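Everything on this sheet refers to the single structure shown next.
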Amino acid sequence: MSAVPQSHTQYVYDFATLDRVPDGPTSVKVAARRLLSGPSLTTGKSSTVGAVLSGAHIICTLGTQLKGSGAKPHTHPNEQFNFILQGTMTGDIEGDRVFAPISNILHTPGMAVHTGLACPEEDLVFLAIKDSRHGIVGPPVDGKYDGPNFLPGFGTRAQEPKQSTAAMMAEAKRHPGPGKRYVYDMADDTDTYSGSASAAVTPGAKLALPSGISGKLLSGELLHVSVLRFAPGATIPEHVHGNEQFTFVVEGGLDASLAGQTLHVSERCLLHVPPGMPHTLTAPRGALVIIAQDNRHTFSA
């Protein structure tokens, strides 16, 4: 990541360095990496660890959970989009058991009672994106901050037989819930689902994306979240919109022109674009990116 001169506001954030708050002015509020739900595992309600970036309308964290652990049943007023980078996330949302593997987004509407845990085989890494109606964590339904949620065979349930993810999925099929859709495969630009769903899907063919860029868009209550693939050399020309924008690089890298600066955004780094600020995005060698915008205006790539 390019160093940002001390006299300039910082707009690019490398999650690997956010064990402390950056020096100098930043375009978002930064909270250093920590256990998010409490000072210790025994006094929290989740095992999620991450640094938090808070803008005017969007907040996010690159969260990690140890396999077999996660969040107790809880709720919060803001909606949440979780893009899975490693492992598989499972949970219950309003009675539906869900499983979200790599390259999928798990969307949880505001005030929905839900859990979220890392499946047994692998630690979980996910980008959590929320609107700013509430903070990054919500209170447990039972009101008790007495430790994370665990799957059988882990933590406080270590004496129970472990289940594989495949066995958990098979069990969920035998005991289906209401059947609402909360998980979206963002590697597929098309979408033919017609049942009840938590978010609206706009396939790539309807997004009028610049040449060399493909992907699709999810629109929730207050946020738009897209996953876009840039071919080598693909560019989003200079443009401006009234939405706040967070752009996270999953793979590859972006060169950005913003606020008189030329910035490089590497893998697992995030670029913050405040509302009304002209900017350009280019992927010299290609990239996979997540773009989140608040929905005060239509989505604009």
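If Met168 meets every condition in (1) open to solvent by less than 70 Å² (accessible area, probe 1.4 Å); (2) aliphatic (A, V, I, L, M); (3) over 16 Å from Arg97 (Cβ atoms) apart from one, which number is that one?
(3)
Could you list, ordered by first residue, the pairs with Cβ atoms under 8 Å in which the first is in segment 235-253 and closer than 16 Å to Ile105 by Cβ and surrounded by fewer than 22 Cβ atoms within 10 Å (Cβ to Cβ) and the second is at pLDDT 95 or above and of a type in the set (Val, Ile, Thr), at least 6 apart or interchain?
Close Cβ pairs satisfying both conditions: Val250/Val227; Val250/Val289; Val250/Ile290.
Would you point out the residue of segment 177-195, among those that are open to solvent by 80 Å² or more (accessible area, probe 1.4 Å) and without any contact (Cβ under 8 Å) to a residue 60 or more places away in the chain, that is farthest from Ser214 (Cα to Cα)?
Ranking the qualifying residues of segment 177-195, first place goes to Ser194.
Please specify each residue of segment 83-139 satisfying the condition of being of a type in the set (A, V, I, L, M, F, W, C), within 14 Å of the chain's Cα centre (by Cα) and not in a strand (DSSP E or B).
Once the filter is applied, which keeps residues that are of a type in the set (A, V, I, L, M, F, W, C), within 14 Å of the chain's Cα centre (by Cα) and not in a strand (DSSP E or B), segment 83-139 yields Ile102, Ile136, Val137.
Could you tell me which of the residues Gly147, Gly143 is surrounded by 18 or more Cβ atoms within 10 Å (Cβ to Cβ), at positive phi and among the small types (Gly, Ala, Ser)?
Step by step, each of Gly147, Gly143 is checked, and only Gly147 is surrounded by 18 or more Cβ atoms within 10 Å (Cβ to Cβ), at positive phi and among the small types (Gly, Ala, Ser).
Output the qualifying pairs, or none if there are none: Cβ atoms under 8 angstrom, residues six or more apart or on different chains, first residue in segment 283-301 and farther than 16 Å from Leu53 by Cβ and hydroxyl-bearing (Ser, Thr, Tyr), second residue open to solvent by less than 10 Å² (accessible area, probe 1.4 Å) and in a strand (DSSP E or B).
Ser300/Gln293
Name the residues in segment 27-41 that are assigned to a loop (DSSP other than H, G, I, E, B) and buried (at least 17 other Cβ atoms within 10 Å of the Cβ), would you?
Ser27, Val28, Leu36, Ser37, Gly38
Would you point out which residue out of Ala56, Ala71 is at pLDDT 95 or above and either farther than 12 Å from Lys130 by Cα or not small (Gly, Ala, Ser) (or both)?
Ala71
Have a look at Gly50, Gly24, Gly70 and point out the one that is open to solvent by less than 10 Å² (accessible area, probe 1.4 Å) and either in contact with a Lys or Arg (Cβ under 7 Å, 6 or more places away or on another chain) or without any contact (Cβ under 8 Å) to a residue 60 or more places away in the chain (or both).
Gly50
Are any of the residues in segment 90-99 more than 30 Å from Ala56 (Cβ to Cβ) and surrounded by fewer than 16 Cβ atoms within 10 Å (Cβ to Cβ)?
Yes, segment 90-99 has at least one match.
Residues of segment 264-286 being open to solvent by 10 Å² or more (accessible area, probe 1.4 Å) and assigned to a strand (DSSP E or B), which ones?
Listed by number, the residues that qualify are His264, Thr280, Thr282.
Looking for something β-branched (Val, Ile, Thr) and open to solvent by 10 Å² or more (accessible area, probe 1.4 Å) - is there at least one such residue anywhere in segment 206-221?
Within segment 206-221, one or more residues are β-branched (Val, Ile, Thr) and open to solvent by 10 Å² or more (accessible area, probe 1.4 Å).
The values are calculated or read from the model by the stated rules, or taken from the named source; none is laboratory data. Just so we're clear, the structure is a prediction, and the values are computed from it rather than from any experiment. Methodologically, a virtual Cβ is constructed for each residue, glycine included, from the backbone with ideal geometry; neighbour enumeration extends over all protein chains shown. Ligands, DNA and RNA are excluded from the accessible area calculation, which covers all protein heavy atoms including side chains. Shrake-Rupley method; radii C 1.70, N 1.55, O 1.52, S 1.80 Å.
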